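To keep things clear, I will list the structure first and then write my remarks on it.
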Amino acid sequence: MFLGTYSPKLDDKGRIILPAKFRDELAGGVVMTRGQENCVYVFSTREFEEMHEKIRQAPVTSKQARDYLRVFLSGASPETPDKQNRITIPHNLRSYAGLDRELTVIGAGSRAEIWDSEAWETYLAEQESVFSDTAEEVIPGLF
């Protein structure tokens, strides 16, 4: 499970060093793709395959499912961490998420997310009040 918040820097070649706590899970390879709210989702290869299988089960007659599948998979890029535990974030994903040198990597359970640090701070500030107002209907059985 991916947990926590980290602040790696993007180097001149578009690479980041994976947070130490994520390395074991991601050592076998990662798949990065467009995330919602303009971040980059980072899945282990195994988790991405499971996610893809779930998406594939959606009816092909559903326009919403087709649209989601197209956007999700067209931005996907498999990467293998190098010996220094760095991964390259492809240019199209850096552009999509507005990534600059200052990044925030968060653990989001089954995936990690890479955010531009300023965008993450803005998002987090906006969501604080929503978080405190979350009702049981949103996540049944949690509270």
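The values are calculated or read from the model by the stated rules, or taken from the named source; none is laboratory data. Because the structure is predicted, anything quoted here is derived from the model rather than measured. When we count neighbours, we look across all protein chains shown, and the Cβ atoms used for this are built from the backbone with ideal geometry, even at glycine. Accessible surface areas use protein heavy atoms only, side chains included; no ligands, DNA or RNA. Shrake-Rupley method; radii C 1.70, N 1.55, O 1.52, S 1.80 Å.
Evaluating E37 against the criteria (1) touching a residue at least 60 places away in the same chain (Cβ under 8 Å); (2) surrounded by 13 or more Cβ atoms within 10 Å (Cβ to Cβ) leaves one unmet condition, (2).
For region 69-116, the strands (runs of 3 or more DSSP E) that sit wholly inside it and include 2 or more residues that are in contact (Cβ under 8 Å) with a residue 12 or more places away in the chain and open to solvent by 20 Å² or more (accessible area, probe 1.4 Å) are 77-79, 86-88. Could you please let me know if K63 is of a type outside the set (D, E), out of contact with any Ser or Thr (no Cβ under 6 Å at 6 or more places or on another chain) and over 18 Å from R111 (Cα atoms)? Yes; evaluated as a whole, the condition is true for this residue.
For region 1-32, filtered to residues that are charged (D, E, K, R), open to solvent by less than 80 Å² (accessible area, probe 1.4 Å) and out of contact with any strand residue (DSSP E or B) (no Cβ under 7 Å at 6 or more places or on another chain), the residue that is nearest to S110 (Cα to Cα) is R23. So which residues in region 51-95 are under 15 Å from the mean Cα position of the chain (by Cα) and charged (D, E, K, R)? Those that are under 15 Å from the mean Cα position of the chain (by Cα) and charged (D, E, K, R): E79, R94. Of all residues in region 11-25, those that are within 12 Å of R86 (Cα to Cα) and small (G, A, S) have Cβ atoms under 9 Å from Cβ atoms of residues that are open to solvent by less than 80 Å² (accessible area, probe 1.4 Å) and assigned to a loop (DSSP other than H, G, I, E, B), 6 or more apart or on another chain, in G14/I89; G14/P90; G14/L99; A20/N85.
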